[in-house]
Structure formats: C-alpha cells, structure tokens
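Read the structure below first, then the notes.
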Amino acid sequence: MSVNSLYDFSFYTVAALLPFLAFGLFFIVFRGRSSAKGPLYVLKLITGNVLFFVFLCASVFLLLESYYRFIYDATDFFGFSRATSRWYKRHFHFNNIGARDNKDYTRKRASGKRRMTFLGDSITAGTGIVNVNDRFVNIIGAKKGKEWETHVMAGAGHDTGDQYFVLKQLIVKGYELDLVVLVYFVNDITDLMTNYQKSMESLWEKYRTLPFAIKHSFFLNTWFYRFQAHYESLLSTTFDKMLNAYHSPLWDIQKKRLKLIRDLCGNNQGHLLVVLFPYMHDISNESIFGPVHNKISQYCKALRTPCLDLLPLYQKHSDDILTMGPYDSHPNELAHSLAANEIQLFLEKNMPLNKGSKNAKNENSHF
C-alpha cells in the first residue's frame with residue numbers, strides 16, 4: 001500500500017469511527033437519571049447537545065464521503081479532482097499501443113479495407129464515456145467494420161503540437177496512413193499560450209500542497225475543485241484567453257502547424273480531413289466561438305482540406321442534454337451518437353480513391 005493510499009485509508013477510518021465515538025460519549029454522559037439541578041446539570045446538558053450535534057454532522061459527512069469515495073463515478077471539465085483521476089483509472093483501458101480502445105491496432109492496413117485514423121484530445125478519447133463502444137469513433141467502426149478500420153490516436157489534454165508529434169511517431173514506426181481525421185477543439189491552441197501554460201503549472205503546484213483533509217477526502221476534494229473552477233480567476237477567464245489567442249499572432253503559428261499536419265499526411269500516402277467540435281455549453285446561435293469555427297473552416301478551405309463543423313448540428317439541440325453534467329461539458333453519449341452519423345456521412349463524401357496497402361502480406365503485424 002502506497003503512502004497516499006495509507007493516508008486515504010486512515011482518513012476514512014477516522015471518518016467512519018467518529019459518529020460511533022460521538023454517540024458513545026453522548027450515551028455515557030446521559031446514562032442514568034439525575035434530578036440534580038445546577039451548574040453540573042447545565043454543563044452536562046451542553047456537553048450532551050454538542051456531542052449529539054457532532055454525531056449528526058459526522059454521520060452526514062460519513063454518508064457523503066462514502067458516496068463520493070465508492071459510488072460517485074463522473075468527471076469534471078478541468079480534470080483536477082481525485083474523483084476524475086479515479087474515473088480514468090476505472091474506465092480508460094488501453095490496447096497494444098497505449099490507445100484507449102477495446103481492440104488492438106496493426107501498423108499495416110488490412111487488405112481491402114479503408115483506414116480512418118482519428119487524432120484528437122479528450123473528446124476523441126471519450127472522457128466521460130464509460131463504455132468505449134458509445135464513443136463516436138467506435139459507433140462508426142461498428143457500422144462500417146467490414147469496410148473500414150477505425151483507430152483512435154487521442155489523449156486527454158492533447159493539443160495540436162501533441163497531435164503532430166503522435167502522427168509523426170506513428171509514421172516513423174511504419175504505421176500506414178489512409179484517411180487521417182483531425183478532431184479539432186478550440187482549446188487545441190493552448191500549448192502555444194505560454195503565459196497560460198505557466199499559470200496552469202503554478203495552479204497545479206498550488207494544488208499539490210492542499211490541506212490533508214482536502215487531499216484525502218473524496219467529498220471535500222470534489223467540492224473544493226468545483227468551487228475553484230467557479231471562482232479561480234485563471235479558470236474563469238480561460239475561454240476569454242483562448243478567444244483572444246485566435247485574434248493574435250498565435251493564430252498564424254497555429255495555421256502553420258495545421259499545414260504541417262496536412263503535409264505530413266500528404267507526404268505519407270494519407271489524406272487529411274478535419275472535424276470541429278464545439279464547446280457543448282456554447283452552442284447557441286450567439287456562440288462566442290462561432291467566429292473562431294468560421295476562421296478555422298476558412299483556413300481548412302484554403303488548405304483544400306475538407307472540414308466538418310459540428311456546431312450547426314448541435315445548435316438544433318439543448319446543451320443540457322448533450323453534456324456530461326453541470327460540472328463537465330464534455331459531450332455525452334447522445335452527443336457522440338449525433339456526431340457519429342454526421343462524421344460517417346462526411347467521411348463517405350470526402351473519401352479519396354483507395355490506394356491500398358503497400359505491404360498487404362504484413363497486414364497483421366502489431367506494434
């Protein structure tokens with residue numbers, strides 16, 4: 001057992017024993033009958049009331065702590081809380097190359113099949129989606145499995161720089177490309193925002209020195225981060241900072257990186273497509289990121305790269321039925337299902353001629 005696990009166990013043990021201890025002391029104080037009136041009686045009465053109050057509070061805390069420690073199973077948007085970390089441990093299961101999926105991948109394309117390689121971040125990886133088969137890529141794979149291979153090369157927190165690196169490393173290892181789908185999210189530019197990255201690192205450092213109770217209580221930890229997400233100035237201004245980044249010289253750098261991904265695909269028998277996912281809490285007709293979506297779409301057009309913007313699709317629906325919940329705006333199972341249908345049609349419409357695998361005899365070779 002690690003030191004952290006030992007502290008967790010110790011904290012929960014104390015939380016579990018405290019109601020019994022308070023009730024036991026309350027029973028001791030009031031055992032027997034006493035008709036005496038005076039200072040001792042008043043002290044006894046006050047002590048008993050305090051102990052009973054402690055018993056009630058400790059019992060409620062134990063129930064809440066037990067729920068958040070053993071039953072609660074959800075994510076938050078920024079991923080700071082221990083509950084979110086535990087969710088990843090429970091539900092992110094990796095295949096032979098370290099990608100979240102329930103099947104292994106091969107380097108070589110299967111003979112007679114098209115290959116769809118999806119690059120992305122937590123949306124593509126399926127944060128919040130318990131059953132990986134409910135993720136949009138797997139839904140497409142289930143429908144087109146006889147015709148297409150669908151691979152997910154995505155990770156929580158991946159930005160455009162990470163996605164370029166992942167693609168390059170795949171090619172170095174002999175991974176054959178066909179259709180490469182870059183699932184773009186507007187925060188994919190944040191790795192270029194130096195001041196923002198430094199602020200996030202400072203925030204992480206601040207959170208590493210939390211009080212003992214907040215560190216080792218799942219209930220207190222969960223609600224601490226919820227309040228922080230609401231009141232922390234850096235987190236509350238994140239969207240404004242990203243919006244400004246697209247109207248700064250950083251956008252010119254981002255465009256160059258997108259072109260590098262396009263060229264990397266083209267130079268290695270691949271064909272790039274782009275899918276834009278919106279912030280699910282920002283899908284109204286007055287979406288603040290709507291102009292950013294238009295800017296990205298226009299640049300993809302300039303690159304002669306087909307681009308599917310999912311914002312119009314989601315604008316037909318209410319955001320509260322498309323997200324994981326009030327504390328996590330990642331798309332839920334319904335949102336993934338809606339996206340799967342649109343993306344599948346988009347892929348079929350923009351599919352180039354099949355050049356086939358260069359090494360069909362090695363099509364079953366694993367990484």
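The values are calculated or read from the model by the stated rules, or taken from the named source; none is laboratory data. From a predicted model like this one, the values you see are computed outputs, not experimental measurements. With ideal geometry, Cβ positions are generated from the backbone for all residues, glycine too; neighbour counts draw on all protein chains shown.
Please list, ordered by residue number, the helices (runs of 4 or more DSSP H) wholly in the stretch 1-114 having 1 or more residues that are farther than 30 Å from VAL132 by Cβ and modelled with pLDDT of 95 or more.
Counting at least 1 such residues, we get 3-30, 39-66.
Any idea which of (1) part of a helix (DSSP H, G or I); (2) within 21 Å of the chain's Cα centre (by Cα); (3) modelled with pLDDT under 95 is the one SER337 doesn't satisfy?
Unmet for SER337, out of (1) part of a helix (DSSP H, G or I); (2) within 21 Å of the chain's Cα centre (by Cα); (3) modelled with pLDDT under 95: (3).
Test of understanding: among LEU276, LEU272, which residue is surrounded by 17 or more Cβ atoms within 10 Å (Cβ to Cβ), under 20 Å from the mean Cα position of the chain (by Cα) and in the same structural domain as ALA302 (by TED's automatic domain parsing)? It would help to see each step written out before you state the result.
On the way: LEU272 fails: under 20 Å from the mean Cα position of the chain (by Cα).
It is LEU276.
Please go through the stretch 151-199 and pick out each residue that is in the same structural domain as ARG262 (by TED's automatic domain parsing), outside any loop (DSSP other than H, G, I, E, B) and small (Gly, Ala, Ser).
ALA154, GLY161
Restricting to the stretch 167-195, name every residue that is closer than 30 Å to ILE288 by Cα, in contact (Cβ under 8 Å) with a residue 40 or more places away in the chain and not charged (D, E, K, R).
VAL180, VAL181, LEU182, VAL183, TYR184, PHE185, VAL186, ASN187, ILE189, THR190, LEU192, MET193, listed by residue number.
How many of the residues making up the stretch 319-344 are buried (at least 20 other Cβ atoms within 10 Å of the Cβ) and closer than 18 Å to ILE140 by Cβ?
6
In the stretch 340-367, which residues are among the hydrophobic types (A, V, I, L, M, F, W, C) and either part of a helix (DSSP H, G or I) or at pLDDT 85 or above (or both)?
Passing the criteria: ALA340, ILE343, LEU345, PHE346, LEU347, MET351, ALA360.
Could you list, in sequence order, the residues of the stretch 91-111 that are surrounded by 19 or more Cβ atoms within 10 Å (Cβ to Cβ) and among the small types (Gly, Ala, Ser)?
ALA99
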